1. Failed condition for residue 52, given (1) loosely packed, with under 11 Cβ neighbours inside 10 Å; (2) assigned to a helix (DSSP H, G or I), with all others met?
2. Mind telling me which of the residues 8, 88, 4, 39 ends up being without any contact (Cβ under 8 Å) to a residue 24 or more places away in the chain and within 28 Å of residue 133 (Cα to Cα)?
3. In this structure, does residue 126 turn out to be in contact with a strand residue (DSSP E or B) (Cβ under 6 Å, 6 or more places away or on another chain) and either part of a loop (DSSP other than H, G, I, E, B) or farther than 26 Å from residue 13 by Cβ (or both)?
4. Just the residues that are touching a helix residue (DSSP H, G or I) at 6+ places or on another chain (Cβ under 9 Å), buried (at least 17 other Cβ atoms within 10 Å of the Cβ) and under 20 Å from residue 77 (Cα atoms), please, taken from the stretch 31-41.
5. Residues of the stretch 55-64 being in a helix (DSSP H, G or I) and either buried (at least 17 other Cβ atoms within 10 Å of the Cβ) or over 15 Å from the mean Cα position of the chain (by Cα) (or both), which ones?
6. Exactly one condition in (1) in contact (Cβ under 8 Å) with a residue 60 or more places away in the chain; (2) not assigned by TED's automatic domain parsing to the domain that holds residue 143 is not met by residue 103; state its number.
7. Could you run through the stretch 17-41 and say how many residues are assigned to a helix (DSSP H, G or I) and under 16 Å from residue 62 (Cα atoms)?
8. On the basis of being modelled with pLDDT under 75 and under 24 Å from the mean Cα position of the chain (by Cα), does residue 147 make the cut?
């Protein structure tokens, strides 16, 4: 998809969520497309060249707006800063490397939300299950990426 198509899609998504299509919001969406699982600081670094007047605080505000609108997802692996991604609404989970912190999406085992059922719901209507798998990625294990087991 070229930049014009992406910008058109971002504008439609923002307007569909009753948000104005500001340059900051557009830039954050673009940054998260190119760098999924990014921290707010990473997003700031990615967009500050295009929007030199942007502050870290402004990025946090945009990330909060986009999260509340359901256009991005925020998740917090233990011991890590919050990470943001564009993949929403499918109840996927994450693999996180203990060593380098790399994050990889992993689809839900069953494929419907929620894909896990708690032993008791205590009156809650469960809409999502968040699971984080921890381990070592291939690089940190010293396994060449082209070797499968």
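1. Exception for residue 52: condition (2).
2. Values: 8 fails: within 28 Å of residue 133 (Cα to Cα); 4 fails: within 28 Å of residue 133 (Cα to Cα); 39 fails: without any contact (Cβ under 8 Å) to a residue 24 or more places away in the chain.
When all the criteria are applied, what remains is 88.
3. Working: in contact with a strand residue (DSSP E or B) (Cβ under 6 Å, 6 or more places away or on another chain): no; either part of a loop (DSSP other than H, G, I, E, B) or farther than 26 Å from residue 13 by Cβ (or both): yes.
Criteria not met by residue 126.
4. If we filter the stretch 31-41 for residues that are touching a helix residue (DSSP H, G or I) at 6+ places or on another chain (Cβ under 9 Å), which is where we start, we get 31-35, 38, 40-41.
Now drop any that are not buried (at least 17 other Cβ atoms within 10 Å of the Cβ), which leaves 31-32, 38, 40.
Matches in the stretch 31-41: 32, 38, 40.
5. First pass over the stretch 55-64, keeping only residues in a helix (DSSP H, G or I): 56-64.
Within the stretch 55-64, 56, 57, 58, 59, 61, 62, 63 meet the criteria.
6. (2)
7. Taking the stretch 17-41 and keeping what is assigned to a helix (DSSP H, G or I), we get 23-34, 40-41.
Narrowing further to those that are under 16 Å from residue 62 (Cα atoms): 23-33, 40-41.
Total meeting the criteria: 13.
8. Working: modelled with pLDDT under 75: yes; under 24 Å from the mean Cα position of the chain (by Cα): no.
No; evaluated as a whole, the condition is false for this residue.
The values are calculated or read from the model by the stated rules, or taken from the named source; none is laboratory data. These numbers were taken from a predicted model, which means no experiment stands behind them. Positions of Cβ are generated from backbone atoms using ideal geometry, with glycine treated the same way; all protein chains shown enter the neighbour counts.
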